[in-house]
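See below for the structure under consideration.
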Amino acid sequence: MSAENDSPEIVTAFPCAVRHIEHLWVPMPDGTRLSARVWLPEDAEDNPVPAILEYIPYRKRDGTRGRDDSMHGWWAGHGYACIRLDIRGTGESEGLITDEYSRQELQDGFDAIAWFAEQPWCSGAVGMTGISWGGFNGLQVAAMRPAALKAIITHCSTDDRYADDVHFMGGALALDNWFWGGAFFQFMARPGDPEIQGERWREQWMKRLEAWEPVSSTIWLQHQRRDAYWKHGSVCEDYDDIECAVFAVGGWEDGYSNAIPRMLGNLKGPRKGLVGPWGHKFPHLGIPGPAIGWLQEGLRWWDHWLKGVDNGLMDEPMYRVWMREPSVPDSRLATVQGKWIDEPVWPQPDPGERHWVLWRSANGARTVKPRQTVGVTAGNWCPYQLGGASPDLAIDQSEDDGRSLVFETEPLQERIEFLGQPVVRLNLSVDQPQGFVAVRLVDVAPDDTAARVTYQVLNLTHRDDHEAIADMPVNEPVDLAIRLNDMAWSFPAGHRIRVSLSTAYWPVIWPSRAPVILTVHDCDLTLPERTPRDSDGGEPFDRIAIATPTPHTELTPPNSERTVTRDLATGEWKTIQIEDNGVWRFDAIDLECAESIHVEYRIRDDDPLSASACWTYRSARRRDGWDIAIESSHAVRASRDAFVVDVEICAKDEGREVYHRSWSHEVPRDGV
């Protein structure tokens, strides 16, 4: 049944009684110990079970604890040993972390799988699961082919770290490079819990702080093209490296939905794909809804690949997605209208297409003036939907469309479904050698409500290649074919399809080095048409079910805000975003936690070099005898030739400052 409007069923009686291990040391070959939480059947040492590993840096003790018990406890109750392992140098794990997806991290994951497979409570079969980071390294470790790894479930991840990750979009620099980079910097600077690390916790914390660098500027920004750095960990470099079974899962409102159909088309081994209406969330926690009974679906996957149960799973359609119906755009949309549809295989063997000629040069060229504030209606690149209340989603596009160059179809005569990647073909010219074009596909209702369907950005110096870039010929027409992000959308009869073009998309993308005037001579649109099936619209999933959640007490409620203001005197637009998770206590470990993010973006409509952004992160942990707090910030601005990134961190122990450091980096712009 659908989980729409249903609260989860909390299950307390399982086929297996569950034993919980709060802390387990996992030894690495070099002597470093990684810290794990484990849930497993009480009789697992007598009756060994498969292991399911989630391997991430987000602190099992006080970071992901709020969702771990309900998920891992549920699978453990059905006969699995579930392990939440902190990456080296994070949480209570020993050693130091240096970057995301390092070779050391992946080797540790490889070695950990071998160690788990040899434990007396493990049958020798191991699976990996995870969302975001845990989805990434699940793919990356799978490409190393550990002998015991039989299957993975990768949620909200990508196969291409350059072209389809948080750092760049179409070769343009994403502001989430720092939104995420600042969060990463703050998160990894936190100490381990003294109840686990013992008296050496402070010494280990100081080593962690002193070794930690703001990698968003010291590493990521140093690689503005697709090079060896980004190719490492991008499994698209050789899909054949992955031989185990892969279930790729995500949501249309997430930043990572493209990778799912792409992997279905390129992996050779057993594979399935699922894309729901959600943002950056597990499907049983999915927002916007409807969320689904995902743990049951995951259990079927594990039963088939880790226990050899013939449950018919792989006889079912390869690709299942939420076909969206248009609704009034809302930054806090709770539920998305639509239906579940299936595709037996992906890509479709005989895909349909609809083609529109939207503009021809015979009608005269069309030009759009540069407006740096286009993007005010965009929402966040990756909606995390913290607490389900964040105003993350795109709103009505009319304001942005009014500052863009738009092309439209006539009102549709019939309802049409589309599934896949739209292609916009342009013959265009620009008055600068460097710049980018943002392309949005918009559903325009009869009342002129404009809902963004999908979009893409292309750095024009990357029009042929992300490695060997080339300036644009100034004021000379160039043919481009821009593939937009994948989508599943049903356009009703009477609606119009709009293509909107701009040379800015702030604050999703960092602005170009100079204002760019865009002239369009030809514009064509091709959409991947899908023929509806009689089987569409069923209820393929169970009601949401979870194990008992982690006991916690809310001390201060969370708060999310996003405001945009315009100074009529200076012409400056300012966006403020606040994500305050409030204050809560994990009762079982008597630990009080607080976290917040404050984001500020500034820009003037007429000057891309007026852009500035600042992200401030605060966190605290306290109980009797332990009280630590960290505040960190990333501030970014740019000239025509370079980015300037200022970073600061201050750590306190019992209210006393114990570490304070600042950095200022000037990094040359390389075509961005």
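General observations
- Region 390-417 - residue that is under 21 Å from Val520 (Cβ atoms), part of a loop (DSSP other than H, G, I, E, B) and touching a residue at least 12 places away in the same chain (Cβ under 8 Å) and, of those, farthest from the chain's Cα centre (by Cα): Glu410
- Test: residue in region 309-317 that is surrounded by fewer than 21 Cβ atoms within 10 Å (Cβ to Cβ), free of Cβ contacts under 8 Å to residues at least 24 places away in the same chain, among the polar types (S, T, N, Q) and out of contact with any strand residue (DSSP E or B) (no Cβ under 9 Å at 6 or more places or on another chain): yes
- Looking only at residues of region 33-60 that are acidic (Asp, Glu) and out of contact with any Cys (no Cβ under 8 Å at 6 or more places or on another chain), we find that the one that is surrounded by the fewest Cβ atoms within 10 Å (Cβ to Cβ) is Asp46.
- Taken over region 147-174, the criterion of being in a strand (DSSP E or B) and closer than 21 Å to Leu460 by Cβ is satisfied by Asp164, Phe168, Met169, Ala172, Leu173, Ala174.
- Ala638 farther than 14 Å from Pro214 by Cα, among the hydrophobic types (A, V, I, L, M, F, W, C) and surrounded by fewer than 16 Cβ atoms within 10 Å (Cβ to Cβ): no
- Some residue of region 564-580 being touching a Leu at 6+ places or on another chain (Cβ under 7 Å), of a type outside the set (Asp, Glu) and not assigned by TED's automatic domain parsing to the domain that holds Pro283: no
- Among the residues of region 62-80, those that are assigned to a helix (DSSP H, G or I) and of a type in the set (Asp, Glu) comprise Asp68, Asp69.
- Looking across region 7-59 at every residue that is farther than 22 Å from Phe187 by Cα and polar (S, T, N, Q), the one that is modelled with the lowest pLDDT is identified as Ser7.
- Restricting region 114-132 to residues that are in a loop (DSSP other than H, G, I, E, B) and of a type outside the set (Asp, Glu), the residue that is surrounded by the most Cβ atoms within 10 Å (Cβ to Cβ): Ser132
- Test: residue in region 333-352 that is assigned to a loop (DSSP other than H, G, I, E, B), buried (at least 18 other Cβ atoms within 10 Å of the Cβ) and out of contact with any helix residue (DSSP H, G or I) (no Cβ under 9 Å at 6 or more places or on another chain): yes
- Inside region 418-475, residues that are outside any loop (DSSP other than H, G, I, E, B) and either among the β-branched types (Val, Ile, Thr) or in contact with a strand residue (DSSP E or B) (Cβ under 7 Å, 6 or more places away or on another chain) (or both) make up a count of 32.
- Any hit, region 100-113, residues being surrounded by 20 or more Cβ atoms within 10 Å (Cβ to Cβ), closer than 19 Å to Thr64 by Cα and touching a Gly at 6+ places or on another chain (Cβ under 6 Å): no
- Test: Ala488 is buried (at least 22 other Cβ atoms within 10 Å of the Cβ), among the small types (Gly, Ala, Ser) and over 30 Å from Ala613 (Cβ atoms): yes
- Residue, farthest from Leu149 (Cα to Cα), within region 268-281, restricted to residues that are in contact with a helix residue (DSSP H, G or I) (Cβ under 7 Å, 6 or more places away or on another chain) and surrounded by fewer than 23 Cβ atoms within 10 Å (Cβ to Cβ): Lys268
- Matching residues, region 525-556, being of a type in the set (A, V, I, L, M) and part of a loop (DSSP other than H, G, I, E, B): Ile544
- Candidates Glu199, Glu243, Glu210, Glu237: the one that is farther than 30 Å from Trp381 by Cα, free of Cβ contacts under 8 Å to residues at least 60 places away in the same chain, out of contact with any strand residue (DSSP E or B) (no Cβ under 6 Å at 6 or more places or on another chain) and among the acidic types (Asp, Glu) is Glu199.
- Considered as a group, the residues in region 18-32 that are in contact (Cβ under 8 Å) with a residue 60 or more places away in the chain and outside any strand (DSSP E or B) include one that is surrounded by the most Cβ atoms within 10 Å (Cβ to Cβ), and that residue is Met28.
- Inter-residue pairs, beta-carbon under 8 Å, first free of Cβ contacts under 8 Å to residues at least 60 places away in the same chain and of a type in the set (Gly, Ala, Ser) and in region 134-158, second part of a loop (DSSP other than H, G, I, E, B) and surrounded by fewer than 24 Cβ atoms within 10 Å (Cβ to Cβ), 6+ apart: none
- Residue count for region 208-230, restricted to those that are surrounded by 15 or more Cβ atoms within 10 Å (Cβ to Cβ) and over 18 Å from Trp663 (Cα atoms): 6
- For region 85-106, the set of residues classified as in contact with a Ser or Thr (Cβ under 7 Å, 6 or more places away or on another chain) and outside any loop (DSSP other than H, G, I, E, B) consists of Asp86 only.
- Condition check for Ser35: polar (S, T, N, Q), part of a strand (DSSP E or B) and touching an Asp or Glu at 6+ places or on another chain (Cβ under 8 Å): yes
- For region 637-672, a residue qualifies if it is farther than 14 Å from Ser612 by Cα and either outside any strand (DSSP E or B) or touching a Cys at 6+ places or on another chain (Cβ under 8 Å) (or both), and the qualifying residues are Asp641, Glu654, Gly655, Glu657, Tyr659, His660, Arg669, Asp670, Gly671, Val672.
- Within region 574-598, considering residues that are over 27 Å from the mean Cα position of the chain (by Cα) and hydrophobic (A, V, I, L, M, F, W, C), the one surrounded by the most Cβ atoms within 10 Å (Cβ to Cβ): Leu591
- Those residues of region 508-524 which are outside any loop (DSSP other than H, G, I, E, B) and not β-branched (Val, Ile, Thr), in sequence order: Leu518, His521, Asp522, Cys523, Asp524
- Filter pass, Ala114 being farther than 30 Å from Arg622 by Cα and either touching a strand residue (DSSP E or B) at 6+ places or on another chain (Cβ under 6 Å) or touching a residue at least 40 places away in the same chain (Cβ under 8 Å) (or both): no
- Every residue from region 141-185 that is under 16 Å from Leu106 (Cβ atoms) and surrounded by fewer than 23 Cβ atoms within 10 Å (Cβ to Cβ): Ala143, Met144, Arg145, Pro146, Ala147, Ala148
- Out of Tyr617, Tyr601, one residue alone is surrounded by 15 or more Cβ atoms within 10 Å (Cβ to Cβ), touching a helix residue (DSSP H, G or I) at 6+ places or on another chain (Cβ under 9 Å) and in contact (Cβ under 8 Å) with a residue 12 or more places away in the chain. It is Tyr617.
The values are calculated or read from the model by the stated rules, or taken from the named source; none is laboratory data. Values in this document were obtained by computation on a predicted structure and should not be read as measured data. Note that each Cβ is placed from the backbone with ideal geometry, even for glycine, and that neighbours are counted across all protein chains shown.
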